[in-house]
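The structure under discussion appears below in the form of structure tokens.
Since every read-out is calculated from the coordinates, none of them should be taken as a lab result. Source: prediction; values computed, not measured. Here the Cβ is made from the backbone with ideal geometry for all residues, glycine too, and neighbour counts use every protein chain on show.
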Ligand SMILES: Nc1ncnc2c1ncn2[C@@H]1O[C@H](COP(=O)(O)OP(=O)(O)OP(=O)(O)O)[C@@H](O)[C@H]1O
Ligand SMILES: [Mg+2]
């Protein structure tokens, strides 16, 4: 996602707090260490030092042991108690080796016996700060690993995706039901997982139910579980998916493919939030967050009588709509990079670089199978070590390669036309598809289509007329007029 794991402290010089009651010692230390490029702060007592540490974190604290009031050892103990990450170097009096050893045992990083040469000081400090840097790097790696398990599995910086990330972050901490929609392969399941792992339920289970594959006769036993002996073949108690998802998230996937009978059963569970195991005696209550996804147009399914409206409203409390890949082609290079790294890692091969021609080809492809299609393509190219592998269309056939047509491949009618006409026809075909898609996405709202296409309303109107996408006798919209779309101004998020 958009935020990088960079820490605030990156890029600034290491910070050191000097603690001594003697002004001249502080002065000398400061001069020497400033020259090394460190950021220096001073404190003249352990108490003052602790106040400073509480206000700003330091990378390193260098303190005298012997000071009036609390000693350097007291300061060390207080710092360790605060679980402060700062390293501590103590300056010990001549001949007090035992104190020094004791200090190391209590968590000091090192000690400097007085009197010390400036070079000793510099070396000790440098070594300490290297350790700080190393520790910080480890922290960063851990953080990145963590992020890979959350939102950060989602690649893409296009505005459409940024809107998705924003929604995920806003809905994740609240227990609202989310309906995730988008074409096949756009990342709906990844979004569901991201919501779960960014929620307070992240340590609970994430249970996916493929609703399309639920045979009607098995729904109850799958979702509610059963007791031993509930039916012939029930040899032992089995927990249902809802029970497994207690304190976690249940992800109802492919909900657009459920039969009406299944929908009714699912609706009942969502309403009652309690059930009995098959053959069970008592009611089980679960605390589960529901997420759902589909690649179908549910509003159309409702109109066709294929999806229950009440179930739709119960699931669609918040909608996250994933953009198809062809609407965010600018994300293709980052996705290619992501997948090639992943496969290289998996196959133990060096990361492959791709030719410009290949990348250009990817940018022209319509990606009907979206990110999944791109991922599969990259895997094929890497395994076969062959860039001429073509994207596949959903029927599994190679799409027309924009390079020179192979003699004898007479299946594409465009290949039989003179070049100019072929190009025109191809372009027109693309334009139709492009604007049809935008019109559908904007639900016919011309102003919105103009915005999405980055076009002037008037030019868009002419283009749509030319492509026969709007009726010739439609009234021409006024230039720059505020959106008065044909559908009455549906301006909900798309
Ligand atoms: N933004 C993305 N960044 C990285 N990988 C992605 C992204 N979107 C999808 N993928 C990958 O593409 C594949 C398909 O994603 P996913 O299964 O989430 O799609 P889907 O929308 O659920 O598809 P379907 O409707 O077919 O079930 C997965 O392997 C997923 O990891
Ligand atoms: Mg899916």
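General observations
- Likely footprinting exposure, 231, 354, fewest C-beta neighbours within 10 Å first: 231, 354
- Taking every Cα-Cα distance in the range 152-321 and sorting them into 10 Å bins from zero, the calculated P(r) comes out as 10, 38, 34, 15, 3, 0 percent.
- Cα pair distances exceeding 27 angstrom across the range 15-146, given as percent: 14 percent
- Between residue 440 and residue 12, the contour length at 0.36 nm per residue exceeds the alpha carbon distance by 149.1 nm.
- Using a Förster distance of 56 Å, the FRET efficiency for residue 469-residue 387 (Cβ separation, nearest 0.05): 0.95
- Centre-to-centre, using Cα atoms only, the range 191-243 and the range 44-67 are separated by 56 Å.
- Order of 299, 217, 288 under a 10 Å beta carbon neighbour criterion, fewest first: 217, 299, 288
- Alpha carbon centroid spacing (whole Å) that separates the range 262-284 from the range 425-446: 45 Å
- Extending 7 Å from the Cα toward the beta-carbon at both residue 21 and residue 424 defines two label points whose distance is 9.6 nm.
- FRET efficiency for the pair residue 216 and residue 363, taken as 1/(1 + (r/R0)^6) with r the Cβ-Cβ distance and R0 = 60 Å, rounds to 0.85.
- Going by neighbour counts of Cβ atoms within 10 Å, the residues 365, 282, 437 line up, fewest first, as 282, 437, 365.
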